[in-house]
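Only one structure is covered here, and it is reproduced in the block below.
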Amino acid sequence: MSILGGEPLWQNIDGMADLEKLCHVTHKLDKTVWMWTGFTWEELHTEGSHPRCEVTDELLSLIDVLVDGRYVEELKDIGLRFRGSSNQRLLDLNATRA
């Protein structure tokens, strides 16, 4: 399952956590969950930053792969897999959690 935008973390973050539980935790759909966000991993863990809220950690625990960082036109690179600009990172969150 791919979660992308606009900016998905400006949306209903509670609803996304519920959807990801359906896809991942309950194994009803047994899908890998990817999310693209303009926010960085560090921003997602900084208290007081948007979109950090009461369900951010739960939401991140349900994501398998996170592509983080804002798309920057000047850093566009069509040779990158799953990313548009070289400042964006492809993070395997399952490996990070391990």
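Bear in mind these aren't lab numbers, they're just calculated from the coordinates by the rules spelled out. Since this is a predicted model, take the numbers as computed values, not measurements. Backbone-built Cβ (ideal geometry, glycine too); neighbour counts: all protein chains shown.
Numerical summary
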item	result
Qualifying GluC sites (Glu not before Pro) for the range 41-98 [loop in DSSP, other Cβ within 10 Å: at most 12]	Glu47, Glu54
Neighbour-limited loop hits for trypsin sites (Lys or Arg not before Pro), the range 38-89 (at most 10 other Cβ within 10 Å; DSSP other than H, G, I, E, B)	Arg81
Neighbour-limited loop hits for chymotrypsin sites (Phe, Trp or Tyr not before Pro), the range 35-76 (at most 15 other Cβ within 10 Å; DSSP other than H, G, I, E, B)	Tyr71
